[in-house]
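The values are calculated or read from the model by the stated rules, or taken from the named source; none is laboratory data. Predicted model only: the values in this text are computed from it and were never measured. Cβ placement follows ideal geometry from the backbone for every residue including glycine, while neighbour counts extend to all protein chains displayed. Keep in mind that these areas ignore ligands, DNA and RNA; they rest on the heavy atoms of the full protein, side chains included. Shrake-Rupley method; radii C 1.70, N 1.55, O 1.52, S 1.80 Å.
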Amino acid sequence: MLVAKNKVMSAPAIETENLTKEYPHGFLNLKKRTSLEGLNMQVETGEVFGFIGPNGAGKSTTIKLLMRLIFPTAGSARILGKPISDIEMHRDIGYLPEQPYFYDYLTAAELLDYFARIHDLSAADRKERVQRMLKKVGLETAGKIQLRKYSKGMLQRVGMAQAILHDPKIVILDEPMSGLDPVGRREVRDIILELKHEGKTVMFSTHILSDAEMLCDRVGVIVGGKLRGVGAPEQLVDVKTQGMEILFELAGQSVAPVLAKATRSGDRYRLQVPEAELYGAIEQLRAAGARILSVAPVRATLEELFMNLVEADRAQAAAIEVSGK
Amino acid sequence: MKRVGVVALNTFREAVRDRVLYNLLFFALVMMAASIIAGQISIGIEQTVIVTLGLSAISLIGLLIAVFIGVGLVSKEMDKRTLYALLAKPVRRWEFLLGKFGGLVLTLAVNTAAMGIGLFLALMYVKSTPEQGDATILVAVYFIWLKLALVVALALLFSCFTTPLLAILFTAGIYIVGLYVQELRNLPMQVMSPGMTAFTKYLSYLMPNFENFNIMSMAAHARPVPGSLIAQNTLYAAVYCSIVLTAAVLVFSRRNLK
């Protein structure tokens, strides 16, 4: 487990205690497959929390457990200090399912109106909110088209609109970027940031790590049904140990020893050196007549951390299989 | 309860948009054909032909809708995952289930009422002298609707814990058994062991008695329906539906979605 330095804030918006989900399978359902194992996690009020992990890691399972679409084998969860079975508390939650699909015989405006009725909003309020939400997700011109004619990306936008329609305090989004083109992803990112500015708590799952790095105050990394680390993205990856990268141009040939370590593409070279050797390398390059274009710290990305955890998990699974446990 | 109504109206809207009510055109054709045939055969049995054919068509069309759409009410939503966003909202699972049931029963009410009125008009058209007992066919249509509501409840219950195909088979199976409940009770006792006799007897009381709702011959002969029968059938359908729906709610409330 990675060490995480969490900020101390007010009562958590979402907290889970030993949340576990097992699925029976095999002959007569005698075998058990653990999809989520003893999840203890807190999402603080007002933060953007990214839930990251590979496919099948337990992200959607956790979110579905929180939404009571499935029921835990063990453990419990609370949202806004209330047990998740408290149905009235669900007024304060917005939820976008993974790969959302809605009643395709309705138009986007009708669907949003239907959900607004479920939330018991007045007729005038419904009308105003539906229009505002359609505009917000860029569907104001498509609001009167039946959803059966919508593309996957458009459905994702409708899903986003229904999640925030009733002005919830907590927004839980399951893979909100999937199926979206770069423009759509940018728009979803903007909406998430807007929700954060409005003081809402946002929890979203993703396997697109750059989105998590860009948006999240904290992330939780889940692999193989277990939470492997929680913290701010920069806390989870160590900046210092990775060294520095120098990008430079060098016309012609040179015999400077430092060049042996550089990778070349055309006239441009890229060189990674430990931080302590940075100035020495720059001196050598200057002496060789190189033009230095940039010097930047090499950060271990969340992706590397993520890949390491996944590899470790696979190695462990393989070891268990070999030993026959 | 308000949310039950919202879900029910949306279910009704789905049926309308999926062109379920188009079957009324088919029924209109059946009634026109029946009127022509009845006009060509001897006077006296024209009422029997029209009423028998009309009520059978109303019942059959209604049954097809009740079973096939009834089974799909919940299973389709689970399959397409359209209920995920809904159930995360402040909606209890029983509200969703009752709403779906209410929506289809409302659809069937509109459908059977339209067909019932059509049948009544066709009857008035071929008959030279209307009589008081002709209103019996409206009661017969009401009974068919009660029967359909019960079938929808059964289809909903089965679809909550099994696959759509099995749910259709179970519902159809219970319907067929339910048509012969009376025969089950009167099976010749001497051919069966006492244990078997008791079993079939209890089974016959457990099964819904669909034959109770059949007053086709009364309608065909324009005999008036006693008020007690109307009250008895209404109560029977209401109680039986409540029991089946309670069972469906118990199953569905514990169900893990995919």
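So here's what we get for this one:
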| quantity | calculated |
| --- | --- |
| Residue within the stretch A:141-152 that is under 25 Å from A:E198 (Cα atoms) and in the same structural domain as A:K64 (by TED's automatic domain parsing) present | no |
| Conditions (1) surrounded by fewer than 18 Cβ atoms within 10 Å (Cβ to Cβ); (2) of a type in the set (S, T, N, Q); (3) under 29 Å from A:A57 (Cβ atoms); (4) within 14 Å of another protein chain (Cβ to nearest Cβ); number of the one not met by A:Q162 | (1) |
| In the stretch A:1-26, residue most open to solvent (accessible area, probe 1.4 Å) [restricted to those that are under 21 Å from A:R228 (Cα atoms) and at pLDDT below 85] | A:M1 |
| Tally, over the stretch A:32-45, of residues that are closer than 30 Å to A:G199 by Cβ and either free of Cβ contacts under 8 Å to residues at least 60 places away in the same chain or open to solvent by less than 80 Å² (accessible area, probe 1.4 Å) (or both) | 7 |
| Residue check for B:S242: within 17 Å of the chain's Cα centre (by Cα) and not in a loop (DSSP other than H, G, I, E, B) | yes |
| Which numbered condition A:V48 fails, given (1) within 23 Å of the chain's Cα centre (by Cα); (2) at pLDDT 95 or above; (3) open to solvent by 10 Å² or more (accessible area, probe 1.4 Å) | (3) |
| Yes/no for A:D190 being open to solvent by 40 Å² or more (accessible area, probe 1.4 Å), free of Cβ contacts under 8 Å to residues at least 24 places away in the same chain and away from every other protein chain (no Cβ under 14 Å) | yes |
| Filter result for B:R223 (loosely packed, with under 13 Cβ neighbours inside 10 Å and within 14 Å of chain A (Cβ to nearest Cβ)) | no |
| Test: residue in the stretch B:153-163 that is under 30 Å from B:R254 (Cα atoms), in a helix (DSSP H, G or I), out of contact with any Lys or Arg (no Cβ under 7 Å at 6 or more places or on another chain) and free of Cβ contacts under 8 Å to residues at least 24 places away in the same chain | no |
| Residue identified as within 14 Å of chain A (Cβ to nearest Cβ), of a type outside the set (D, E, K, R) and in a helix (DSSP H, G or I) among B:T107, B:T136 | B:T107 |
| Check on A:E140, over 23 Å from A:G50 (Cα atoms) and at pLDDT 95 or above | no |
| Residues that are open to solvent by less than 30 Å² (accessible area, probe 1.4 Å) and within 14 Å of chain B (Cβ to nearest Cβ), drawn from the stretch A:127-158 | A:M133, A:L147, A:Y150, A:L155, A:Q156, A:V158 |
| Selected residue [assigned by TED's automatic domain parsing to the domain that holds A:A161, over 26 Å from B:R93 (Cα atoms) and either among the acidic types (D, E) or loosely packed, with under 13 Cβ neighbours inside 10 Å (or both)] from A:N29, A:N55 | A:N55 |
| Selected residue [open to solvent by 30 Å² or more (accessible area, probe 1.4 Å), within 21 Å of B:E14 (Cα to Cα) and at pLDDT 95 or above] from B:L169, B:L97, B:L156, B:L106 | B:L106 |
| Cross-chain or 6+ apart pairs with Cβ under 6 Å, the stretch A:98-125 first and outside the structural domain of A:T141 (by TED's automatic domain parsing), then acidic (D, E) and in a helix (DSSP H, G or I) | none |
| Selection within the stretch A:246-292 - under 37 Å from the mean Cα position of the chain (by Cα), among the aliphatic types (A, V, I, L, M) and exposed (fewer than 11 other Cβ atoms within 10 Å of the Cβ) | A:A276 |
| Filter result (over 23 Å from A:T20 (Cβ atoms) and aliphatic (A, V, I, L, M)) within the stretch B:244-258 | B:V244, B:L245, B:A247, B:A248, B:V249, B:L250, B:V251 |
| Residue within the stretch A:106-120 that is more than 28 Å from the chain's Cα centre (by Cα), within 11 Å of another protein chain (Cβ to nearest Cβ), part of a loop (DSSP other than H, G, I, E, B) and farther than 15 Å from A:A13 by Cα present | yes |
| Any hit, the stretch A:220-239, residues being over 30 Å from A:A317 (Cβ atoms) and touching a residue at least 12 places away in the same chain (Cβ under 8 Å) | yes |
| Single condition B:P208 does not satisfy, out of (1) loosely packed, with under 12 Cβ neighbours inside 10 Å; (2) in contact (Cβ under 8 Å) with a residue 24 or more places away in the chain; (3) more than 14 Å from chain A (Cβ to nearest Cβ) | (1) |
| Those residues of the stretch B:9-38 which are of a type in the set (S, T, Y) and open to solvent by less than 60 Å² (accessible area, probe 1.4 Å), in sequence order | B:T11, B:S35 |
| Extreme residue, nearest to the chain's Cα centre (by Cα), among residues of the stretch A:61-103 that are in a strand (DSSP E or B), over 19 Å from B:R93 (Cβ atoms) and within 10 Å of chain B (Cβ to nearest Cβ) | A:L96 |
| Restricting the stretch B:206-238 to residues that are more than 15 Å from the chain's Cα centre (by Cα) and among the β-branched types (V, I, T), the residue that is nearest to A:K64 (Cα to Cα) | B:I230 |
